[in-house]
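Colleague: My questions all concern the structure below.
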Amino acid sequence: MYKIGEFSYLCECTMKTLRHYDKIGILIPKKTDEFNGYRYYSEEQLNTYHNIKMLQDAGFSLKEIKNILDNPKDKNILEEVKKLTQDYQEKLKKLEKIKNKLRGNISMELIKNPKFVMLGEYKELKTRNDFKKELEIIDKKVNNKMFSILPSVLICFEVGFKENNITCFIGRVLNDDLKINYNFIKMMKTIGLETITYNKPDSMLYTNSNNTKESYKEMIKYANKNKIQIAGEFIEIYDGSKTDIYIEAYDLTKDNEDAKLHMKELKEKFKSTDPIYDSKYIGKWILQGQIVEPLKIFNPRKEHFMPDTKFKELILNFDGTTNYDNVTWRDGYLLIEKNNIIIDNSLYQESSKDGTRYLGILMNNENINARPYLYYYKEEK
């Protein structure tokens with residue numbers, strides 16, 4: 001099953017389009033998880049999307065397409081549509097074979113996190129074609145020949161497929177000497193450059209290909225097939241004619257010793273201590289969206305990716321109860337009971353801005369190996 005963001009890459013369409021198709025009932029996700037709010041799509045629904053796209057290209061309106069898919073009353077029309085669909089699917093298969101021959105086999109593997117240190121700027125690209133132009137501006141600003149020959153990097157912070165107005169990070173990957181040259185990094189900060197270091201994940205999914213769109217698709221399919229959670233952003237590193245692509249990855253089939261230890265310690269803590277109901281968390285909180293970009297560029301006023309979770313509104317009471325029967329809170333944790341297990345979710349980053357309070361919640365799921373999602377709430381007074 002694919003999350004909506006992953007499915008949008010496979011279809012090469014925006015999540016806005018997929019949500020619209022869901023709303024009008026033309027392509028409804030196989031399931032929507034009430035806990036984390038994610039829409040999930042099946043492999044078979046890729047064909048459904050391609051058929052919708054084919055019918056649109058043939059001049060059918062979405063209303064007509066829905067009619068065809070839901071109630072094929074006219075047998076003649078149905079036969080024509082079937083023939084059109086079969087022809088379209090055959091063309092897709094032939095195109096896929098040609099693409100495979102042109103790009104060669106895209107191989108990928110889970111590797112240990114290389115822990116790159118990258119120096120550059122956060123940008124909003126109108127199109128991907130502006131990448132080189134923006135990189136040249138950064139190189140001129142640095143004015144260092146050694147810097148300008150380092151591998152370049154593009155990190156896209158958008159969820160799902162998007163071609164225009166892309167929020168991203170552009171810069172260079174520092175070599176071993178510059179990584180530890182704190183004076184150089186400090187000087188770069190004075191001219192407005194930022195550093196990014198991916199220290200957290202132990203492993204990353206990696207591939208090498210000059211076709212980024214196809215690489216994204218193959219990485220998503222590989223992860224789904226091998227029960228790997230990919231999270232965060234695709235990191236594209238360009239070194240001459242070589243293109244390396246990385247993304248955070250978590251093998252859900254293996255035990256995570258740190259997570260198991262955390263769960264054990266938490267159970268012991270809850271057994272041995274009286275609950276603490278910190279007053280800073282008490283209140284009514286309204287979900288603003290999921291933070292899917294670095295906190296550095298997070299803007300509370302900006303519209304963010306809104307998951308379809310049932311926890312869009314949370315009321316944390318002084319006695320540890322909430323507005324949900326299966327949800328309590330204590331000691332900085334939101335505790336959700338599901339399928340006879342307790343899932344702990346960290347309450348953190350309670351903050352104030354312009355007199356309004358905000359609260360971050362790291363939402364987990366039943367698999368303790370998986371990376372949690374950061375949901376962002378605003379207090380309703």
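The values are calculated or read from the model by the stated rules, or taken from the named source; none is laboratory data. No experiment lies behind these values; they were computed from the predicted model shown. With ideal geometry, Cβ positions are generated from the backbone for all residues, glycine too; neighbour counts draw on all protein chains shown. The area values use the complete protein model at the heavy-atom level, side chains included, leaving out ligands, DNA and RNA. Shrake-Rupley method; radii C 1.70, N 1.55, O 1.52, S 1.80 Å.
Colleague: Which of rounded, prolate or oblate describes the stretch 137-260 when judged by the alpha-carbon gyration tensor and an a/c cut-off of 1.5?
Modeller: prolate
Colleague: Can you give the FRET efficiency for residue 258 and residue 324, using 1/(1 + (r/R0)^6), R0 = 25 Å, r = Cβ-Cβ distance, to the nearest 0.05?
Modeller: 0.30
Colleague: Quick one: pull the percent of accessible area on the chain belonging to carbon and sulfur, 1.4 Å probe, ligands and nucleic acids left out.
Modeller: 49
Colleague: Want the number for residue 175 to residue 1: 0.36 nm per residue separation, take away the alpha-carbon distance, what's left?
Modeller: This chain segment gains 58.8 nm when fully extended.
Colleague: Working out 0.36 nm times the residue gap between residue 341 and residue 284, then minus their Cα-Cα distance, what length gain in nm do you get to one decimal?
Modeller: Taking 0.36 nm per residue and subtracting the Cα distance, the gain is 18.0 nm.
Colleague: Sort 108-116, 153-161 by the packing proxy (mean of other Cβ within 10 Å over each peptide's residues), most packed first.
Modeller: Ranking the peptides 108-116, 153-161 by packing returns 153-161, 108-116.
Colleague: Report the full-extension gain for the segment residue 308 to residue 112: residue separation times 0.36 nm, less the Cα-Cα distance, to one decimal in nm.
Modeller: Values: separation 196, 0.36 × 196 = 70.56 nm, distance 3.31 nm.
My answer for the length gained is 67.3 nm.
Colleague: Hey, another quick one. With a probe of 1.4 Å, find how much accessible area the chain has per residue, and write the answer as a whole number in Å².
Modeller: 56
Colleague: Filter 115/145; 23/53; 145/217 down to the pairs with a C-alpha to C-alpha distance above 26 Å, please.
Modeller: Too far apart for the 26 Å limit: 145/217.
Colleague: At 222 nm, what value in deg cm²/dmol follows for the chain if DSSP H runs of at least 4 each add -39500 (n - 2.57) and the sum is divided by all its residues, to the nearest 500? Could the numbers behind the result be given before it?
Modeller: Values: 11 runs with 128 residues, N = 381.
Roughly -10500 deg cm²/dmol at 222 nm, from the helical runs in the chain.
Colleague: Which of the peptides 169-175, 141-147, 271-277 is most tightly packed, and how do the rest follow, judged by the mean count of other Cβ atoms within 10 Å per residue?
Modeller: Details: 169-175: 22.1, 141-147: 13.7, 271-277: 9.7.
Most protected by this proxy first, the peptides run 169-175, 141-147, 271-277.
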